[in-house]
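Colleague: Just dropping this structure here.
The values are calculated or read from the model by the stated rules, or taken from the named source; none is laboratory data. Small disclaimer: the values here were computed from a predicted structure and weren't measured. Don't worry about glycine lacking a Cβ; one is built from the backbone with ideal geometry, like all the others, and counts go over all protein chains shown.
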């Protein structure tokens, strides 16, 4: 491991073509690769189909506040961390050493629900933005969904992530490609791990950049369907929207209080991380993501050609993955700071990509949708397990997902109160996720639609400027 610091990345054991040969010759490679396609494609395809139905139905709602609330309800599964779902599923299969088919189906079902949440809300937001600038029709309604689906399918080799890693590893590490890579990390087989990282990252980068370039074509085609269409007036904020926002904000306060109450009962147990670490990681990672989101969104809104935001996103993805892999390879060193975790989490390329798409479509009208994207990121950072797992070794630095994982993995080390601790900590994390969802849903509803900076521009001019 120390050779990474002495000899650099290319001089480390993780570099070299021989690693690919070893990976392809591994007897488990074909099996885990096939499982990865099954576990990745099937849930994502089903989720995209369900999301298209949801978008079609929600688009029939006339009241804007109710429509936004409906999209936010579709997104609620994205705010529930995988580690909490694992604590609910694990007792069902505790006595079975192998991986039963029912467990795989449950993982696929949960992955479908999370993909549905992301696809419906992000695709639905794109449809809302097109409607606000006066564009309707099939491409305008479903272009955001199609583009997000393209990026989601680029991640099939890593889906599902945390949930499969928790539930499958220890029973069989050869269930899918990501648990296979995770095993390589834990057993320090750096060559295979690095080769697996490259194999899953290169398609992700290429398809992500291609999707961003393709979105310009989709937008122009959507704009060319109708002639000079004037954007409608900025809708006024309804009284119903204000009432809904107040109710959601009050519910967020209740959920935050419940999270602290649930956590407080077991905060002093050995090996259980603090609520403070979770909040610090979430806040600072969200701040870093917000900075990247502003940069990519501004470039997408102001650039005359598609390649400028595409290159910026490609560089963001590439640098984020290189930094992430560097810390993966360095994970055996005692890295106890929260900074590496924050830096790795900040570069969420799919959400940055969708933020750039929203800004490209609606400009300043996309403000409230961009804030909800920040909420989606915050929930993902709050519930992330892998990055803290490979970068934090001291118990006092544990965030809640890692603390729950340690209790789940070694209940005997905690003692007779392990089950209660697991329930309380998992409940606290779910309450934090729901708090995040309630706050950003309230902001989504209460923030009014904004006028674009170039006043008097019609929809055709906006699209032509893309």
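Colleague: Would you mind stating whether residue 122 is surrounded by 24 or more Cβ atoms within 10 Å (Cβ to Cβ), over 24 Å from residue 166 (Cα atoms) and out of contact with any strand residue (DSSP E or B) (no Cβ under 9 Å at 6 or more places or on another chain)? Please lay out each step first, then the result.
Modeller: Numbers: surrounded by 24 or more Cβ atoms within 10 Å (Cβ to Cβ): yes; over 24 Å from residue 166 (Cα atoms): yes; out of contact with any strand residue (DSSP E or B) (no Cβ under 9 Å at 6 or more places or on another chain): yes.
The answer is yes for residue 122.
Colleague: Right, residue 79: surrounded by fewer than 21 Cβ atoms within 10 Å (Cβ to Cβ) and at pLDDT 90 or above or not?
Modeller: The answer is no for residue 79.
Colleague: Looking only at the stretch 369-386, decide whether some residue is free of Cβ contacts under 8 Å to residues at least 60 places away in the same chain, out of contact with any strand residue (DSSP E or B) (no Cβ under 7 Å at 6 or more places or on another chain), more than 29 Å from residue 423 (Cα to Cα) and in a helix (DSSP H, G or I).
Modeller: The answer is no, given that none of the residues of the stretch 369-386 is free of Cβ contacts under 8 Å to residues at least 60 places away in the same chain, out of contact with any strand residue (DSSP E or B) (no Cβ under 7 Å at 6 or more places or on another chain), more than 29 Å from residue 423 (Cα to Cα) and in a helix (DSSP H, G or I).
Colleague: Next up: Would it be correct to say that residue 313 is touching a helix residue (DSSP H, G or I) at 6+ places or on another chain (Cβ under 7 Å), under 22 Å from residue 152 (Cα atoms) and modelled with pLDDT under 80?
Modeller: yes
Colleague: Take the stretch 97-122 and flag every residue that is more than 20 Å from the chain's Cα centre (by Cα) and without any contact (Cβ under 8 Å) to a residue 24 or more places away in the chain.
Modeller: The answer is 100, 101, 102, 105.
Colleague: Go through the stretch 433-466 and report how many residues are within 30 Å of residue 87 (Cβ to Cβ) and modelled with pLDDT under 80.
Modeller: The total comes to 0.
Colleague: Do we find a residue being surrounded by fewer than 17 Cβ atoms within 10 Å (Cβ to Cβ), modelled with pLDDT under 80, within 23 Å of residue 437 (Cα to Cα) and touching a helix residue (DSSP H, G or I) at 6+ places or on another chain (Cβ under 7 Å) anywhere in the stretch 257-275?
Modeller: No, every residue in the stretch 257-275 fails to be surrounded by fewer than 17 Cβ atoms within 10 Å (Cβ to Cβ), modelled with pLDDT under 80, within 23 Å of residue 437 (Cα to Cα) and touching a helix residue (DSSP H, G or I) at 6+ places or on another chain (Cβ under 7 Å).
Colleague: Right, here's the next one. Confirm whether residue 391 is more than 22 Å from residue 80 (Cβ to Cβ), out of contact with any strand residue (DSSP E or B) (no Cβ under 7 Å at 6 or more places or on another chain), crowded, with 24+ Cβ neighbours inside 10 Å and modelled with pLDDT under 80.
Modeller: yes
Colleague: Let me ask another. Do we find that residue 75 is farther than 20 Å from residue 135 by Cβ and in contact with a helix residue (DSSP H, G or I) (Cβ under 7 Å, 6 or more places away or on another chain) in this structure?
Modeller: On the way: farther than 20 Å from residue 135 by Cβ: yes; in contact with a helix residue (DSSP H, G or I) (Cβ under 7 Å, 6 or more places away or on another chain): yes.
So residue 75 fits the description; yes.
Colleague: Mind checking which residues of the stretch 360-401 are touching a helix residue (DSSP H, G or I) at 6+ places or on another chain (Cβ under 7 Å) and farther than 25 Å from residue 75 by Cβ?
Modeller: 389, 390, 391, 392, 397, 398
Colleague: Could you tell me whether any residue of the stretch 425-432 is in a helix (DSSP H, G or I), buried (at least 20 other Cβ atoms within 10 Å of the Cβ) and modelled with pLDDT under 80?
Modeller: No.
Colleague: Examine the stretch 130-147 for a residue that is part of a loop (DSSP other than H, G, I, E, B), surrounded by fewer than 19 Cβ atoms within 10 Å (Cβ to Cβ), touching a residue at least 12 places away in the same chain (Cβ under 8 Å) and touching a helix residue (DSSP H, G or I) at 6+ places or on another chain (Cβ under 6 Å), and state whether such a residue exists.
Modeller: yes
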